[in-house]
Amino acid sequence: MSDHILLQTIAVPLVFALVTFALGPRLGKRVGWLAFAALLYTTFLLLYEAVGLFNGGGPTQETYTWAPMAQLSFGLLGDNLSIPVALAMNIVCTATAVYSMDYMKHRLEVMYGEERKGQYSLYFLNFMLLDAGLIGVSLSTNLVELYLFVELMLIPSTFMVALFGYTRKERTAIMYFIWNHVGAFVFLAGILLAYSETGSFAISSLAQLSNVGVYGNIEFWVAGLILLGWLVKMAVFGVHLWLPTAHAEHPTSFAPFIVTIVGVGNYVVVRLLVQGMPAAFQSFGFPLMVVALATMVYGGAMTVIQNDVKYLYAWSTISQNAYSLLGIGSLTALGVSGGIFYFLNHIIGKTVLFCIAGILICQTGLRDMRKMGGLAARMPITAALCLVGSMILSAVPPTGGFQAEWILFAGVFSKGVTEPLGWYLVVALAGLATTILTVAYTFWPMRKMFFGPLPAELQNVKEAPITMTAPLIALVAISLLIGIYPDLFFKSLYHFATSLPLGGP
């Protein structure tokens, strides 16, 4: 198992993408078990690497010949930043593979009036390609390789929306593709500008750019283009228009991927800008915090007024993801590591909640929360999972969301009280106040859906199949474990952050 571990974490999903595609028509939804087995294996590989880092081991680096004439190599790096990120994302994908089987059975029956087994081939083909793309982004060591994995995430995710989405799925898929490709194009412009200066695509070569943060300096423009490209892909306020529709009208089993695709931008910003170009990124720190605050407030306010359960969680993704950017923008060790830690907990909590939305659609046929109520009596396991998922997002102990949020705000406030400009403290206080919105848009909808009188037309509703609830129970257990012992993930992240030239604790 010790040979080419990092390569296996990408190669195995790619191979099983073809395997599931070939066997889908024969096995039907059961082909999901093959996807689950492959991702469980790669999860154990990443866990093996994580244990080594936790025990004080050094990073793992693998380099493979790619294009010698262009001086390109295929490199993978497993360190204290990339391994926790890759592990958390892979855990979410592994759980979703099991959940997808019965959800997609229902979705195909609604779309076609029957279960078409051949459609599972297309679904799990794109599913496994997406996992490979996410892991590739987190482990890449050069900018061209990173860009290719970004595109590997974009193309299958577009097909997911176009093939299995809900209202106006083709139009939604085109909108999703255009917005994300614009972000990728701006990111590519930053890559090419950096190459023109350094003559190398290696991520480590970003450090060779001039470290004088002056507006006319090329490093400033490289950092600005990279940041802008990823802010578009992360749907911050002002460039957020594509996300609510794309996130609400896709197949619900695909929601964990959208959450993760949007959130992985936090990792890229830290890897390329906070680590690779710290001097240039200093100029963007406070503006990024302001943009994050605006996104938190706007996204939270829009979430509160939603009645459609999928739009509810779609809008909350905009707001929640911005918390990580707030911490990263503080440029403190706790803020940066807490921002990434928050991202990891957010994707776990949001996967639980979005999958519950899918369960409600499958079991009741409803998305409008105003038509629900009293479902806790018929679906006690789903109701309990929704409660814990809401606790994760609202940072209620003993969940991992609580640990992540207080660490993040510890970094933000440490910046606020040490900077002579009082605006940092104002942003910190405003950000903390915004958490009230999170409590409102997580627990109040739960009351609408699961408590109160049960409508007559929902009297015969049953609990979801075990294949839909068991993966969510596993994710909830992981969040509680992280809440009790946050060092499982945070130790490595904080060790990485303290190695950077950051101010504050």
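The values are calculated or read from the model by the stated rules, or taken from the named source; none is laboratory data. All values derive from a computational prediction rather than experimental measurement. Here Cβ is always computed from backbone atoms with ideal geometry, including for glycine, and neighbour counts include all displayed protein chains.
Exactly one of (1) outside any helix (DSSP H, G or I); (2) surrounded by fewer than 22 Cβ atoms within 10 Å (Cβ to Cβ) is unmet by VAL290. Its number?
With (1) outside any helix (DSSP H, G or I); (2) surrounded by fewer than 22 Cβ atoms within 10 Å (Cβ to Cβ) applied to VAL290, the lone miss is (1).
List every residue pair whose Cβ atoms sit under 9 Å apart, with the two residues 6 or more apart in sequence or on different chains, where the first one lies in segment 79-100 and is under 19 Å from MET468 (Cα atoms) and the second, anywhere, is among the acidic types (Asp, Glu).
MET89/ASP131; ASN90/ASP131; CYS93/ASP131; THR94/ASP131; ALA97/ASP131
For THR43, indicate whether it is free of Cβ contacts under 8 Å to residues at least 60 places away in the same chain, under 26 Å from TYR120 (Cα atoms), surrounded by 15 or more Cβ atoms within 10 Å (Cβ to Cβ) and not aromatic (Phe, Trp, Tyr).
The answer is yes for THR43.
Out of everything in segment 198-209 that is surrounded by fewer than 16 Cβ atoms within 10 Å (Cβ to Cβ) and not polar (S, T, N, Q), what residue ends up being farthest from the chain's Cα centre (by Cα)?
Once the filter is applied, the top-ranked residue is GLY199.
Report, by residue number, each residue of segment 389-405 that is crowded, with 21+ Cβ neighbours inside 10 Å and out of contact with any Ser or Thr (no Cβ under 6 Å at 6 or more places or on another chain).
GLY389, ALA395, GLY401, GLN403, ALA404, GLU405
In segment 422-432, what residues are free of Cβ contacts under 8 Å to residues at least 12 places away in the same chain and more than 15 Å from ALA294 (Cβ to Cβ)?
Selection gives GLY422 alone.
Under 27 Å from MET104 (Cα atoms) and either part of a loop (DSSP other than H, G, I, E, B) or touching a Ser or Thr at 6+ places or on another chain (Cβ under 8 Å) (or both), is that true of ILE359?
yes
Does segment 446-459 contain at least one residue that is among the hydrophobic types (A, V, I, L, M, F, W, C), surrounded by fewer than 16 Cβ atoms within 10 Å (Cβ to Cβ) and in contact with a Phe, Trp or Tyr (Cβ under 7 Å, 6 or more places away or on another chain)?
no
Take THR141 and tell me if it is touching a residue at least 60 places away in the same chain (Cβ under 8 Å), surrounded by fewer than 24 Cβ atoms within 10 Å (Cβ to Cβ) and touching a Gly at 6+ places or on another chain (Cβ under 6 Å). Give the derivation first.
Values: touching a residue at least 60 places away in the same chain (Cβ under 8 Å): yes; surrounded by fewer than 24 Cβ atoms within 10 Å (Cβ to Cβ): yes; touching a Gly at 6+ places or on another chain (Cβ under 6 Å): yes.
Yes.
All but one of (1) outside any helix (DSSP H, G or I); (2) surrounded by fewer than 19 Cβ atoms within 10 Å (Cβ to Cβ) hold for ARG370; which doesn't?
If we test ARG370 against (1) outside any helix (DSSP H, G or I); (2) surrounded by fewer than 19 Cβ atoms within 10 Å (Cβ to Cβ), just (1) comes out false.
Spot the failing condition for ILE356; the list is (1) among the aliphatic types (A, V, I, L, M); (2) in contact with a Cys (Cβ under 7 Å, 6 or more places away or on another chain); (3) under 23 Å from LEU241 (Cα atoms), and only one is missed.
Condition not satisfied by ILE356: (3).
Say we look at segment 1-40 and pick out the residues that are among the small types (Gly, Ala, Ser) and farther than 15 Å from ASN126 by Cβ; which of these is surrounded by the most Cβ atoms within 10 Å (Cβ to Cβ)?
Checked segment 1-40; the qualifying residue surrounded by the most Cβ atoms within 10 Å (Cβ to Cβ) is GLY28.
Yes or no: segment 27-42 includes at least one residue that is of a type in the set (Gly, Ala, Ser) and on the phi > 0 side of the Ramachandran plot.
Yes: segment 27-42 contains one or more residues that are of a type in the set (Gly, Ala, Ser) and on the phi > 0 side of the Ramachandran plot.
If I ask for residues that are buried (at least 21 other Cβ atoms within 10 Å of the Cβ), polar (S, T, N, Q) and not in a helix (DSSP H, G or I), which ones from segment 144-177 would you list?
None; the set is empty.
Return the pairs, sorted by first residue and then second, in which the second residue is buried (at least 24 other Cβ atoms within 10 Å of the Cβ) and of a type in the set (Lys, Arg), the first residue lies in segment 255-273 and is closer than 19 Å to ALA97 by Cα, the beta carbons are less than 8 Å apart, and the residues are 6+ apart or on different chains.
Cβ pairs passing all conditions: ALA255/LYS350; PRO256/LYS350; VAL259/LYS350; ILE261/LYS233.
Could you list, ordered by first residue, the pairs with Cβ atoms under 7 Å in which the first is in segment 299-315 and among the basic types (Lys, Arg) and the second is surrounded by fewer than 17 Cβ atoms within 10 Å (Cβ to Cβ) and part of a loop (DSSP other than H, G, I, E, B), at least 6 apart or interchain?
none
Go through (1) buried (at least 24 other Cβ atoms within 10 Å of the Cβ); (2) more than 17 Å from ILE226 (Cβ to Cβ); (3) at pLDDT below 95 one by one and return the number of the condition TYR311 breaks.
Only one criterion in (1) buried (at least 24 other Cβ atoms within 10 Å of the Cβ); (2) more than 17 Å from ILE226 (Cβ to Cβ); (3) at pLDDT below 95 is unmet by TYR311, namely (1).
Do any helices (runs of 4 or more DSSP H) entirely within segment 192-283 hold 2 or more residues that are modelled with pLDDT under 90, and if so, which?
In segment 192-283, 218-233, 242-248 are the helices (runs of 4 or more DSSP H) which contain 2 or more residues that are modelled with pLDDT under 90.
For (1) free of Cβ contacts under 8 Å to residues at least 60 places away in the same chain; (2) within 26 Å of ASP308 (Cβ to Cβ); (3) among the charged types (D, E, K, R), each residue gets a yes or a no:
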| residue | (1), (2), (3) |
| --- | --- |
| THR351 | no, yes, no |
| CYS362 | no, yes, no |
| MET369 | no, yes, no |
| MET372 | no, yes, no |
| LEU375 | no, yes, no |
| PRO380 | no, yes, no |
| LEU387 | yes, yes, no |
| PRO398 | no, no, no |
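Can we say VAL239 is of a type in the set (Val, Ile, Thr), in contact with a Gly (Cβ under 9 Å, 6 or more places away or on another chain) and within 17 Å of VAL182 (Cβ to Cβ)?
So VAL239 passes the test.
In this structure, does LYS448 turn out to be assigned to a helix (DSSP H, G or I) and within 16 Å of TYR342 (Cβ to Cβ)?
It is false that LYS448 is assigned to a helix (DSSP H, G or I) and within 16 Å of TYR342 (Cβ to Cβ).
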